[in-house]
């Protein structure tokens, strides 16, 4: 096996590792009349304390100004 083959194997392994980490992210766009930064931070801390194998990204839906992102959330997002 050549050094170049080893480098490609390492690159592929790094790619697989990075891809699996990307899949472990959970994006939550929250909405509610009483929602504020304090509540979002507390929820984020509580989710982090669960020691789940996911990264949680929380945002107040009303703070999003990017129309393409809002359309994506409406089209693909799950309400619960």
Calculated from DSSP H runs of 4 or more alone, at -39500 (n - 2.57) each and per residue, what is the 222 nm mean residue ellipticity of the chain, nearest 500? -18000 deg cm²/dmol
When all alpha-carbon pairs of segment 25-80 are counted, what percent fall beyond 14 Å? 59 percent
Extending each Cα 7 Å along its Cβ direction at residue 24 and residue 68, get the distance between those two points in nm, one decimal. 2.9 nm
On a 0 to 90° scale, report how tilted helix 67-76 is relative to the longest principal axis of the chain, with both axes built from alpha carbons and the result rounded to the nearest 10. 80 degrees
Using alpha-carbon coordinates, inclination of helix 37-49 to the longest axis of the chain, degrees: 40 degrees
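Any read-out appearing in this document is the output of simple, stated calculations on the displayed coordinates, not a laboratory observation. Predicted, not measured: the structure shown is a model, and the values here were computed from it. Positions of Cβ are backbone-derived with ideal geometry, glycine not excepted, and every protein chain shown enters the neighbour counts.
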